[in-house]
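The values are calculated or read from the model by the stated rules, or taken from the named source; none is laboratory data. Note that the coordinates shown come from a computational prediction; the quantities given were computed from them, not determined experimentally. Here Cβ is always computed from backbone atoms with ideal geometry, including for glycine, and neighbour counts include all displayed protein chains.
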Amino acid sequence: MIHSVSSMPSLTAMVRITPQTNATTNTAAGQFRAVRNPQPVDGAGHQSVLERRGDLNGDGRVDQVDLGLVLASRNSGAASDTDVNVVLGYWGQDVSGLKGVPLNSRDYGDLNGDGIVNQTDLGLLTANVGSLDRRAIAMADVNRDGIVDDSDAKILTGFFGLRIRV
Ligand SMILES: [Ca+2]
Ligand SMILES: [Ca+2]
């Protein structure tokens, strides 16, 4: 499953480090939740964009439809840049195999497992971009597509500065 970076939409301007905030909001439809204060499951059964691995319409693939949904929610203030980054981070992937796979802190970009997404994790990621070493990939492949690239960096930077509890 090779992920082609060139297939990524040119939305790099939207990818930026998001400061920590505890704000969580629901979409108008209540279908998914902005994840700035990561909580894998909430009592109302809402699923976060990360839980869905960016597949917001549930068809198993992360594509233009999902991007349209997250951008619409972002425009209404219900989704965040982080959510957009998650969709872009899984862009083009078949994520059907990840359905039901529990999140761990690495899914947020916490590569060293210390519970915080920060410069240390970003350093580990950038040091392993394009690596063919299986251990390096297992450690730095945030979106689990088998390659360490800017898709992983988008997710990590989306959660940059956050303390992760899963
Ligand atoms: Ca960390
Ligand atoms: Ca990856």
Counting only residues that are hydrophobic (A, V, I, L, M, F, W, C) and in a helix (DSSP H, G or I), which one in segment 130-166 is nearest to ligand 1 (Cβ to nearest atom)?
Leu156
From the residues in segment 111-120 that are in a loop (DSSP other than H, G, I, E, B) and away from ligand 2 (no atom under 12 Å from the Cβ), which one is surrounded by the most Cβ atoms within 10 Å (Cβ to Cβ)?
Val117
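Conditions (1) out of contact with any strand residue (DSSP E or B) (no Cβ under 9 Å at 6 or more places or on another chain); (2) more than 13 Å from ligand 2 (Cβ to nearest atom); (3) within 15 Å of Glu51 (Cα to Cα), marked per residue:
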| position | (1), (2), (3) |
| --- | --- |
| Val87 | yes, yes, yes |
| Ser96 | no, yes, yes |
| Arg106 | yes, no, yes |
| Gly109 | yes, no, yes |
| Leu125 | yes, no, no |
| Asp133 | yes, yes, no |
| Val142 | yes, no, yes |
| Ser151 | yes, no, no |
| Gly158 | yes, yes, yes |
Within segment 102-159, which residues are among the hydroxyl-bearing types (Ser, Thr, Tyr) and at pLDDT below 95?
Ser105, Tyr108, Thr157
When segment 129-150 is examined, which residues are found to be crowded, with 20+ Cβ neighbours inside 10 Å and either over 17 Å from the mean Cα position of the chain (by Cα) or closer than 17 Å to Leu162 by Cα (or both)?
Val142
Report, ordered by the first and then the second residue, all pairs with beta carbons closer than 8 Å, sequence separation of six or more or different chains, a first member in segment 109-127 that is over 13 Å from Ile155 (Cα atoms), and a second member that is more than 7 Å from ligand 1 (Cβ to nearest atom) and of a type in the set (S, T, N, Q).
Gly113/Ser105; Gly115/Ser105
Ile116 - would you say it is within 16 Å of ligand 1 (Cβ to nearest atom) and under 15 Å from Thr82 (Cβ atoms)?
no
Of the residues that make up segment 72-81, is at least one modelled with pLDDT of 90 or more and buried (at least 18 other Cβ atoms within 10 Å of the Cβ)?
no
Looking at Gly123, Gly97, can you tell me which residue is at negative phi, away from ligand 1 (no atom under 16 Å from the Cβ) and not in a loop (DSSP other than H, G, I, E, B)?
Gly97
